[in-house]
Each structure stands twice: as structure tokens, then as C-alpha cells.
1. Please go through segment B:310-330 and pick out each residue that is surrounded by 19 or more Cβ atoms within 10 Å (Cβ to Cβ) and within 35 Å of the chain's Cα centre (by Cα).
2. Hey, among B:VAL843, B:VAL806, B:VAL772, which residue is touching a residue at least 24 places away in the same chain (Cβ under 8 Å), surrounded by fewer than 17 Cβ atoms within 10 Å (Cβ to Cβ) and either among the polar types (S, T, N, Q) or part of a helix (DSSP H, G or I) (or both)?
3. Considering only residues of segment B:679-712 that are among the polar types (S, T, N, Q) and touching a Phe, Trp or Tyr at 6+ places or on another chain (Cβ under 8 Å), which is modelled with the highest pLDDT?
4. Take the conditions modelled with pLDDT of 90 or more and either of a type in the set (Asp, Glu) or assigned to a loop (DSSP other than H, G, I, E, B) (or both) and apply them to B:SER208. Does it pass?
5. Within segment A:13-71, work out how many residues are of a type in the set (Val, Ile, Thr) and more than 10 Å from chain B (Cβ to nearest Cβ).
6. Given (1) aliphatic (A, V, I, L, M); (2) under 30 Å from the mean Cα position of the chain (by Cα); (3) closer than 22 Å to B:GLN512 by Cβ, identify the lone condition not met by B:LEU746.
7. Hey, can you tell me all the residues within segment B:196-246 that are over 15 Å from B:ILE259 (Cα atoms) and aliphatic (A, V, I, L, M)?
Amino acid sequence: MKGTNLGEFEELVLLTIALLMEDAYSVAICDELERVTGRSAKLGVVHAVLNRLEEKEMVESRLGEATKTRGGKRKRFYQISNTGKAALIRSKEMREELWNRIPSLTLKGI
Amino acid sequence: MEKKLPNPPKWAERFLCWYCKAELLEDLQGDLNEYFYRNLKNKGERRARFIYVLDVFKFFRLYTLRIPNLLNLFINFIMLGSYIKTSRRNLVRNKLFSGINIFGLGVSMSVGLLMIAMLVDVFSYDRFHTEHHRIYRLISRLEQNGNVNSSFFATSSMKAGLSIKESVSGVQDVALLRNGFSGDIELTEKKLPLAGYWANDSFFNVFSFDLIQGNPATALKNPFQLVLTESSAFKLFGTTEALGKTVVRDERQYEVTGIMKDPPVFSHLKFDMLGSLSSLEVLEQDNLDLMKWDNIWNTWSYVLLDEGMERTTMKASLDQFSASEDRTVENTHVELDLQPLDEIMTGENLANQIGPTLGKTLLRIFIALTIVLILSACFNYTNLSVARSLSRTKEVGIRKTIGAFKSQIIGQFIIESVIISLLALVLSLGLFMLIRPHFLSMESSLQQLLRLELSAGLVLCFLGFSILIGILAGLIPAISFSRINAVNAVKNLMASPALKGISLRKGLTVFQYSISIIAITATLIIFKQYKHFIHYDLGFSTENILNIKLQGNDPNLLRNELNELTEVQDVSQSMLISGIGHYSGVLMINPNDPLDSAYVYYNSVDENYLAMHSHRFVAGNNFNPKFVDSLETEVIVNEEVLKRFNIAGQQASNAVGQVVKVDGKDLAIVGVVENFEYGKANNQTGKEVILRYSNHNANYLNVKIQSEDLPATYAKLESIWKKLDPVHPFEAQFYSQQIQDGFKGLEASVKVGGFLSILVICIASIGLLGMVVFTTELRIKEVSVRKVLGSSELSLLALLSRGFLVLLMISALIAIPTTYLFFAKILLPQIPNSLPLQLQEMVLGSFAVLLLALLMIGSQTLKVARTNPAEVLNRE
């Protein structure tokens, strides 16, 4: 199994999948990311990340039903796996711990 | 109804399918489609398509790539044996189809082999020189008083050749060759005519000819040095150890300073000997023209450029060089350029070539013809295979059901076509050996140029070529078979892929047949013209006359010897041979108007000539016999001369006795002969002809022979010649043979045209046969039902062949008028004395072609019309 560490973009994608719940497929993820971050999320990048996350077994995927909008092609829906959830939680905890240890003065005035 | 949305570009989709992993493909395609339709709304169609294509390429990444299935390749490899086995079975089962496929491909491939062998030969010319890529020939173009010659000459002035090394930078060395060295080489006991050039001392430096004995640096340095090839040294001395010996050429002594290997076959320079160019400084020291800048006619200069110098960069310095030298001559500009040594054989057709070359045009025409032939043969194969698909869809369906991949179906069909083309190669190799000598003997220069010898490399080329043809021909059927839907095929619901493109194939048949008819009709017409010209009534008799080339011997000596023979009826002398394309002109002054003069053609003959050749006199008499060396006083003219100069009011009888000035001499007209063909029968030049008297310096001896056994008589004549002149070989030809040789070009076109027509007709017939079999098979049920309902065989025959007959009629209607117009309006009017077109040759060819086609259609349709309807309908 590959490392369980999450990159920044990987984390964002994972969070978006979690957020979108049942509707998490590549194009929706892209759109949501764009909306939240304000930067354009390229399909190619997102696709590659999704592929990597699946390899790390942090997400699971299944094919949905065919729809007309996609030229009869089925969507691939993603869901966070337990490993993914654990990785997200750990990453959040790590950050929180770091935040907590920063003296409040240091970050003031930014 | 909703308007249909535009689709993403097909090819990009296909590309995606090709490279993308199967598990990622559908999702990815869907994503791209979604984006595409979104972009379509926001950004318009063009932009959306563009982005789609861009994205397809962006997704070409390591993780999306399909890993080639090694197992699959391995399976294909293992299956090879099975493919070959099934192919063999198929070939044997369908003997007719295999036979015509092999035949058609084989026939057209033989021309392909000829082309490959020719290309291999031509492109191996001059490659044996180690520096061949740095050697260029200096070529020149003359511009006088603003008139520019259209093409370059292969020759350049000796001055340019000798001074280019000093005047132009980047030139490492120059080899000069000058003509005029050929001649008889004499030893004390022997005389041998040899061909050669004057060459300068850089010759062995620039070229890689092997000097076996002698010093390459000095062998051609000093005047009166001579380098012999091995074979000519052997001929002269009986040994190749000839270094240091002296020989005599044209009353000058030359020392043999080198013995070289004979020039290789694939060298455009061919010679028996070389003389040192510096000899000319002695021999022609009084010749002021020799070193003139515009004397560009007799010298070939080969320049060895410095390493790294390019021809393009040299052009500017050459222009500068010629600009400075142009000042030495008046109103003349000589443009210089360089021609790569490698391109001499295959490049532009320059004037003044040192030897025969093939040239770009001929090569291109030949390649184009071959490609057309091979393509149409491949197309036929494709056509036939697709037509057969009807019987093979089930086979493919079952294969697929059992688990064959697409690639395996393709592999199987390609293997089959490659096997066919390999079998065709065997046939075409046989044909190649058969037509090779005919091809080479078509023109004398081809025989010198090409060998077309089978070597291991060439055979490999042939093998590669036939495999390529096999793949090319098999590709389309293979792909269309591999697309067959297994379920439909087994259920027999299959609409055969052959059903598509019917009209295209009809068009092709019409096209092929039009071409066939045009080819055969044109060949027949040319053949008719050829026969017409070689039997043309030249206005004099040529029967049983043997013309012997005297080659400098005394005509009277030989004549006296020949007269001893009983077979020899008569002997005459002439300067040239009329009617085969020899020309010689002389200036004649109009007796009525001294200011009017014109060139008339002439032949110098003795008193026996006119009678022996049965020239018909309109007025006057033959020459009066004279002593050798007496003054020329008499002339005989033809009617055309009277007309041209209006002599004696064009009254032949009055013209006799008139004195005309010819060649500065006053000659009395003693006779007027009827017009005859002086030059060639298909050439308009040579109308006004005069006959002058000469009885001692003729070039030809004309011998009239009366003999039952011509070869034996010929041998007798030859032995007499050998006695008189042991040096030169006996060169004699019968008049009729010479006339035939004069029309060798026409004969060659008949041969090539005939051969091509046969090929084209073969290919067209095969294509038609495929079509007939295919369509009749399709309609077999219909025929059976008709038969059951009481239709007669004859009406069925008519029903089945009607469509093809219409196609053939259309082809004939296109082809015959086209050919007629081309020959009657364009080509024949340009050829004087040509035979007018007759209905016979116009129709004969088409008739033969159509008959052949009808035979095929009839046999096939009859077969179908005769089938037992019960058997066919039973299958349901």
C-alpha cells in the first residue's frame, strides 16, 4: 500500500467528495472545487488525483446509470472509504494540534 | 423535432478509444462529452471541438495508457500455424478465386519487380566512388544575344574546367574528360579500335577507379601518356603486363603509363582507355578555339568539393566566376551550375551527356504506370474478397463466438492475403525472367544501362515488396471482416458489407474497361502504323539489298572481291542510306535567282546505285561512269528540287542539261528522278534531294544478293571482309532490317502498349469476374424462385447479364470515341504519311475485350441459371 499522507489538492478533492455525497463524480467535483476555491480546477488534474486516491484505496468508485447529457456514457461515482476517512480525520487533527500550539500573538496582524 | 446536436470530432474519439485503458475509458469519454456539450452552449461549436481535441491529448498520460497485451501478441504468434493452415484450406477450397487472385496480383507484380530491379540498378550508379557525395559535374548553359538555351549542357568549356580550381574557393580538385580520343590503336602487328577520352592528371584523385599498375598521380600528367583498361590491354598485348610499352594512335606514339580495372557496370563513365589531356597542348597548339570560354561542347568537368561545401553556396561563387570570364567573349553569357554525381543517372535530361542516361521523366512515367497497375490489382483483390464475404461471414461469426479477438480475425485475413501475394510472387518472378530480356532489348540504350540481375538483396526486396502488397491488399477486407457482428452473422441476418459501395464498384468497372479498351485500341492503331511504315513504299526498291558499313576501307577493293561471288548480283556505293533517317545537307544556289540559296539534302552515289535501287527517272539519264578522282560535273535532282527553285518551269525534260551551283561547284543536271523518301517515312524533312556522283569515298557498299541461303551468303561476305579488314568487325544489315530499326521507337511502344493492355485487360476481367460471381450469388434465391415459377434459362441469362452488358456498352462508348479523337485529331495529323484510321482496328480491340467479358459473364450466369432450384430453396 502506498503512503497514507495526503497532498493539499488530494485533501481538497477528498473533502469535496465527502461534501457531494451521492453526487460525487468527476465533473461535479471539478465544479464544486472551482466554486469553493475560486481557482479553475482542470478536469485532467482532478481525474489524475481521483485515480491516485483510488490506488491508495482512499476512495471507492462504482459506475452509475447512463444519461443523455454524457452521450450515453455512464458516470463513475466516488465515495470515501474508511481509509480515506481516517486519513482526513488524521490530517485535520494534525492541523488542529498545530493551530492550538501556535501562540495567539504570532498570527495577529496578518 | 429537436435539432440534432453536433458531435465531438470522431477521430479524436477514436484516438481516445485506441490509447485509453478499458476500465477508464467510459468514464473519461462521458466526462469529455459533458464538457463538450457544456462548451457547445457557452463557447460555440468550433471552440468546443477544439477543447475536446485538446483534452483528448491532455489525457494521453501514463496512467490512462493501455498496456499492450503481450499475451495477445503471443497468442497471435502461436495461432500463426493455424492461420496458415486455414488460409491454405481456403485457398484450396476456392480454387477459382485463389487462382484469379494469384494470377492478377502476379501479373501486375511482375511489372513491379521490373520497376524495383530497375530502381535498384539505377540508384547504384556511381556509388562505388568513395567521395561520390562530394563529386559534382560542372554543367553550363549558353546565353547568346539574349537567347537562353532552355536546358543545361552536361558539358562545360575546357577553360572553366581548368581554371575553376584557382578561381572558385571550395573546390578541392577537378577531373576533366574530353571527347575525341577514340580511335584505332596500332601496334607493329595489330590494330584495334578503342573508345576513350582525354583525361587530366586529377582523374584518379577525384574518381575511385582502380589503377592496378602505374602511379595514379603521374599516369596522366605528361603529354602522350595512355592508361588502358585491363580488358583492352589484354586485347592489345595478350597480357595485362603492358606498363611502359608504346603504342601508336593517329601517327603519334603513346606510352602506356597505367593499367586500370575496367569501369564497373554501374559507372556512367565507360571507356577502354584514357589519354593524357596535356597531349592536346601539343596536338592542338594552333587551335585558338580550344580554350575559348564559350566552347562548351566537348569537355566534361567533375569537381570534387571541399568537405562540408554545399552546392547551393557554390552557386554564388560560380556566378561570380562566369561573370568575370564572360568579358572574354562577345554577347555571350555562360551560366555554370553543379550537378551531383549521384543524380546524373536519374536527374534532368541534359543535352550532351557523356553516355546514355535514364533521366527523371522516363523513371517517373514508369513508376506512375506501375503504381496504377499494382493499385488496381490490389483493389481487385479487395473487391473479390469483400464479394466473398457472403460465404465467410458465418466462419467469422463462429470464430468470434468461440472467442477470437478482432486482432486475430485481422491477422488471419492478412496472413491469407500475404500467402496469396507470396504465391503471386512466384508467378511474377517467372514472368519477370520472361519479360526481362524483352524489356532490355526494347531500346539499345537500356541494354547498356541496366542489368536487372537477380541478387540476394534484390530477392529480399522482392519478398518485402510482395509482403507489403499482401498487407495492402488484405487490409480492407480484414478490417471489414473483423467488424462483423458475431450474433448477426450466425443468425444469418447479416447484411453483407459488400452490399455497400455497389455504385462505386460499377463505376470502377466502367473505368477499368474504358482504360482496357483505350489501351488495346491504341496499341492496335500504333501496330498498324508501324506495319505501314516498315512496308512503306519509299519510292525505290530495297529488296535483298545488304548495306555494308565500310569503316574507312576502300570501296572498290571490297567491291571487286564481292563481285567474285555468284550470289552477289550487283554492288553500288553510297554516302548514306536513304529512308532510315540519315541526313546530310548541302547549299544549292537558285539558278534563276543567285541571291536565293537553300539547303538541299544529298546523297553521293556511284553509277550503279540508281539502277540497283530501281529509282524511276522522269527525264534524263543515269550518271556517266568516271575515273576515280575526276572532277564532279553532274548531278541528278528529284522533282521537288525543280519545284523549289522553279528550274525550267518545272518541266523535267527541259531541266536536263541545266547547270546549277551546288557546294560552290557548277554541276549539270543529267537526270530527274521521281520523289522518294530520303529521310524517314514518318518525317517531313528531306523533300528536296539531289544525288551527287562519287565512286571512291563512300561510307556504305550496297550489295544486291540473290540467294536461297542468306545466312550462308552472309557468312561468305563476312569472311571476305575479315580478309580485307581484320581490325573492324563486319557491320552489315539488310535494308529491310535497317528500316525496321529506324522505327524501333514505334516498335517499342507497340511492345510496351501490348504488354500493358494485356495486363490492364487481365485486371479488369478479374474485377468483372468478381463482380459477376458476387451479384449472381446474391440473387441465387431470386433466380430459383423465378425458375420454380417457370422462367426459362435464356430469360434468366438475359436478366442476370443485362446489368453488366450495360456497363460494358458504356465503357465502349466512352473509350472508342476518346481514342478516335485522340489519334485522328491530335496524334496522327502530326505524323506525315501516316495511315488513316480504319474502322477495323477501332472496333477489333473493343470487340475482343467485350467478347472476353461476355464469356465470363455468360459462364457465371449460366452456372447460376442452371442450378437446381430445389437445392437452393431447400436451405431455408
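1. B:MET314, B:LEU318, listed by residue number.
2. None of the other options fit; the residue is B:VAL843.
3. Residue satisfying both the conditions and the ranking: B:ASN702.
4. Yes: the conditions hold for B:SER208.
5. The total comes to 8.
6. Of (1) aliphatic (A, V, I, L, M); (2) under 30 Å from the mean Cα position of the chain (by Cα); (3) closer than 22 Å to B:GLN512 by Cβ, only one is false for B:LEU746: (3).
7. Selection gives B:VAL206 alone.
Conditions (1) in the same structural domain as B:GLY579 (by TED's automatic domain parsing); (2) without any contact (Cβ under 8 Å) to a residue 24 or more places away in the chain; (3) buried (at least 18 other Cβ atoms within 10 Å of the Cβ); (4) part of a helix (DSSP H, G or I), marked per residue:
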position	(1), (2), (3), (4)
B:LEU701	yes, no, yes, no
B:LYS704	yes, no, yes, no
B:SER707	yes, no, no, no
B:ALA712	yes, yes, no, yes
B:ALA715	yes, yes, no, yes
B:SER719	yes, yes, no, yes
B:LYS722	yes, yes, no, yes
B:SER736	no, no, no, yes
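The values are calculated or read from the model by the stated rules, or taken from the named source; none is laboratory data. From a predicted model like this one, the values you see are computed outputs, not experimental measurements. As a convention, Cβ positions derive from the backbone with ideal geometry for all residues, glycine included, and neighbour counts pool all protein chains shown.
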